[in-house]
Structures are given as structure tokens and as C-alpha cells.
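Working notes, beginning with the structure itself.
The values are calculated or read from the model by the stated rules, or taken from the named source; none is laboratory data. For clarity, every value in this text was computed on a predicted model and none was experimentally measured. Here the Cβ positions follow ideal geometry from the backbone for every residue, glycine too, while neighbour counts run over all protein chains shown. Calculation scope for accessible area: heavy atoms of the full protein, side chains included, ligands and nucleic acids excluded. Shrake-Rupley method; radii C 1.70, N 1.55, O 1.52, S 1.80 Å.
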Amino acid sequence: MRITRSVAGRRRRTAIVATTGLTVTALLLTGCGGSSDSGSKGADADGNITLTVADFGQFGYKEAGLFEKYHELNPKITVKEDTTAEEKNYYPKLLQQLNSGSGLADVQGIEVGRIKEIVDTKADSFADLSKVIDVNEWVSWKAKQATAPSGAVIGAGTDIGPMSLCYNRELFEKAGLPTDRVEVAKRTAGGWEDFLALGEEYKKKAPKGTYFMDSASAMFNAVVSSSPEQYYDASGKPVYKESASVKKGWELAAEAASKKLTQGLAQFEDQWQAALRKSTVATVVCPAWMAGQISTYAGDANKGKWDITSAPGETSANWGGSFLAVPKSGKNVEEATKLVKWLTAPAQQAAVFKAIGVFPSNQGAYELPEVKSATLPYFNDAPIGQIYADGAKSIPEAVLGPKDGVIKDSISTQINNMEQRGTKPDAAWDVAVRTIDKAIG
């Protein structure tokens, strides 16, 4: 999951210290890319190859030391990373490069909000990884997201964002709510309606200047993401106006805004960061990567005040995740494919999880101690390995559309207007529809 401001709030920047302290060095030695003596067109006279990886936000490979490790295992191969901070700037450039057929890296990152459009329109530009990578290792819906109608797999899954709920134990206690993660989960077991009911209870005794949640748009996204049908149907038709999950998410967001349960903050912006630092919000909808954001911006002064529990309801959601793809036009396609296979193998995904806390899409990583036994000291030693793995098992296989990100962002903007400006729900929805229809044609 790459965390930047647009397309589901992808702007991953900082690492979280997750785990048990066990080393993955031995595991990293497995799944090696193999010999670099492949006759690559990109090799110099001595057979040395430089592989370029273009990505966005924070994929975690640098933090986990994986490129250096790959060079140790394959001395003739050097890997260089070209990272764009914001995915919203990265993706248009990628499309331009695909259209021109030049400027592409050996390996390109693709965000989940873009993968459907790439599969539908640019699949022929990428190498088929299905013969190289065992897609059965991934959670099933992850593999299908990157599979073209021809059966070609154009991207290897990196991470996923199983949903949880992060909450401020200190604020809960002051408001007379339970602080134990098991008890909190029980109180929201019925779903997001229970979550709002808990919010109303919080409001009655809330410490002055605090709010139950940071953003109703985040809750909206969690509601929609827990449903198989979201913004498009299986035929590729936009159905966001009729989608039951969109309607439910919108109604709950409107209720939260009208009852002043939310501070109405645009996630990841300066005011949101300040709210975490000042402890003015009691809950944050938490895909796996969000814990790193909270610990960073809430800071050391709030360590131990936060905790993590399972998301409301029986069905989890996925928010985020990316893929690594290999352009066919590259000079080092064979070696790039080997690198992608290695980076997305269980041991390497476990190493990235340990380094920055993003959760693996490769199920083989779930039983490794670095994942299975992972805890977060910042969050009262929450057993995140178990929480996220359990959540991943109940995520439904969702239909993705080419403009999911545009639709999601447009609706989120209008939810924010309901929160901050008091815009009436019907008026806000009308603006969202006009914006979306103009954007998607």
C-alpha cells in the first residue's frame, strides 16, 4: 500500500517498529533471484546489470535493506530505486511513458486504485508473470486484481491493507468507555452502526475539545471496501449511484457529520497530524499501514495511549495495496522478473512488514514469526500480526473499476464538506455525482 494524499489516502512515509526482534536474515537467503548470467541486453562488458525500480510513497525495500541483500546474493546486479513522493504525480508520468514506449524502469509499481485501468488498457505492455510466480501464494482476490482476461498476470502483489480500528485508550477511559481491545471489539461487533452508537456514548462524556473520530470519509471508505460490489459491477459499468455499499457508507457518514461525532479532518493533512499530536480524536479507521502514520504524528508523548482492535462487523475490508510489474520494453526483462519474484516472496514481504508495518499479500508470510508473533509496543503491544491476518481472511473479493480512485476521492471531498461546512447531504451528493460523471465520462 503506498500512502499518498490522493486515491484512498496513499502516503506512506515512516516505519513502525513492529515486532518480536527476530531476524529474517536466514529467510532472506531463500527465494534468491539466481544467477545474473542471462545474456541481458542491459549488461555491460563484464556482465554487470543495473536494475531500476520506479515506485511511489514508501514500499519499504530500502528500509528493509532488500536491495543491498539482493546485490549480495547476485553480485553482478545492482538495484536502484526511483521514488516519487506522491502517487498522484507518479501515475500520470507512468501513463505517458507507457504511451510513448520510453522512459520506463525495469520494474514499475502500480497502486491498487490504478490496477484495473492498467489491466484493461495496458496489459500488453507488461510481461506475464504467471509462469514465474505462484499466484496461489497470494490472497485470492489480490491475484485476480492483476490478471488480464487472457490469463496473463501483469503485477506481483506487494502488500494489502486489512482493516482494523485504532483507538485512544486514554480518551476512551475518560469518556467511560471500555479500554480493553476485546471489549471494544464486542461493542462494535454488529457493524458500523454499533460504531456510531459507541460514538454517541463517547460524546456524552467526551473530554472537552475531542471528537470520536477523525474523518467520516475514512469510515465511508471502510464500509464500501467491505463489500464485493463497490463502484462498478462485474460488467465494468459504473454503479456507484445504485451501489448498496455506497448508499450505506454515505448515510453513515452523513449521520456522523450531523451528530458532530467527527472532527472533519482531511486525513494526512497538517490539521490531521496536529489532531493526533494533541489527542483530539479518539478513533481512526486503521488499514494495516495506518498504524505507522498514527505513531509518527501522535509522537512519543502518546506512546501506549493507543491500541488496536478488529474492525467493526464480521466482514473486514481492504484499503490499499500495490503491485510490481515488469514492462516488456525493458532491457532486463528476465532479471527484472527474477527480482520481482524475490521481492514478493514470503521472507521478503515479512522483512518489509517488520521494517515499516505494511501487511503482506503473500499468505506464506503469515506463518513466519516476524509476522505471526508481531506486536506494536506503541499501541499497547497490540498483536497486529494476528489481527491483520484474521482480517485478511474475511476480506471479500471486490469488483474493481478503472476510476475507483476518482470516485472515492470525489465522494470523500463532499463528505468533508458536510463535516466542515455543514453542507446538506443531498446537496453534497449532487455535487459529488456531477464531479464524478464529468471525470469518468
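Here are the numbers for the structure shown:
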quantity: Partner aspartates and glutamates for LYS93 [C-alpha distance under 14 Å; skip if fewer than 8 residues away on the same chain]; calculated: ASP55, ASP82, GLU111
quantity: Longest to shortest principal axis, alpha-carbon extents of the range 194-308, angstrom; calculated: 50, 30, 23
quantity: Accessible area (Å², per residue) of the range 29-157, counting only protein heavy atoms and a probe of 1.4 Å; calculated: 45 Å²
quantity: Computed lengthening from SER150 to LYS260, 0.36 nm per intervening residue step minus Cα-Cα distance; calculated: 34.7 nm
quantity: For the chain: relative contact order, % (alpha-carbon pairs under 8 angstrom, 6 or more apart); calculated: 27 percent
quantity: Probe 1.4 Å - accessible area at TYR61, Å² to nearest ten; calculated: 10 Å²
quantity: Ranked order, ILE294, ILE440 - accessible area, probe 1.4 Å, largest first; calculated: ILE440, ILE294
quantity: Amide H within-cut-off set for LYS328, under 5 Å, with H built and near neighbours excluded; calculated: PHE126, ALA127
quantity: Antiparallel bridge percentage (DSSP; both residues within the chain; nearest 5); calculated: 65 percent
quantity: Vicinal HN-Hα couplings computed from phi for the range 324-340 (Karplus, 6.51 cos²θ - 1.76 cosθ + 1.60; Hz; Gly/Pro x); calculated: 10, 10, 10, x, 5, 7, x, 7, 10, 4, 4, 5, 5, 5, 4, 5, 4
quantity: Computed [θ] at 222 nm, helices only, for the chain once each DSSP H run of length n ≥ 4 contributes -39500 (n - 2.57); calculated: -12500 deg cm²/dmol
quantity: Cα pair distances of the range 191-260 binned at 10 Å [whole percent]; calculated: 20, 45, 23, 10, 2
quantity: Percent accessible area from carbon and sulfur atoms, the range 143-246, protein chains only, probe 1.4 Å; calculated: 50 percent
quantity: Vicinal HN-Hα couplings computed from phi for the range 404-409 (Karplus, 6.51 cos²θ - 1.76 cosθ + 1.60; Hz; Gly/Pro x); calculated: 3, x, 5, 5, 4, 5
quantity: Solvent-accessible surface ranking, highest first, for ARG421, ARG277, ARG114 at 1.4 angstrom; calculated: ARG421, ARG277, ARG114
quantity: Label-point separation, LYS205 to LYS237 (7 Å along Cα→Cβ), nm; calculated: 5.1 nm
quantity: Efficiency of FRET from Cβ geometry, LYS41 and SER102, R₀ 25 Å, rounded to 0.05; calculated: 0.95
quantity: Heavy atoms of THR83: accessible area, 1.4 Å probe, square angstrom to 10; calculated: 70 Å²
quantity: Amide proton proximity set for ALA317, modelled H, under 5 Å, gap of 5+; calculated: MET163
quantity: Label point distance in nm, ASP437-ASP270, each placed 7 Å from Cα along Cα→Cβ; calculated: 3.7 nm
quantity: For the range 103-200, Kirkwood radius (reciprocal of mean inverse C-alpha pair distance, Å); calculated: 16.9 Å
quantity: Set LYS174/LYS393; LYS122/LYS438; LYS204/LYS438 screened for pairs whose C-alpha atoms are more than 31 Å apart; calculated: LYS174/LYS393; LYS204/LYS438
quantity: Space enclosed by the convex hull of the alpha-carbon atoms of the chain, per residue, Å³; calculated: 124 Å³
quantity: Long-range amide H partners of ALA85 with built H, under 5 Å; calculated: GLY57
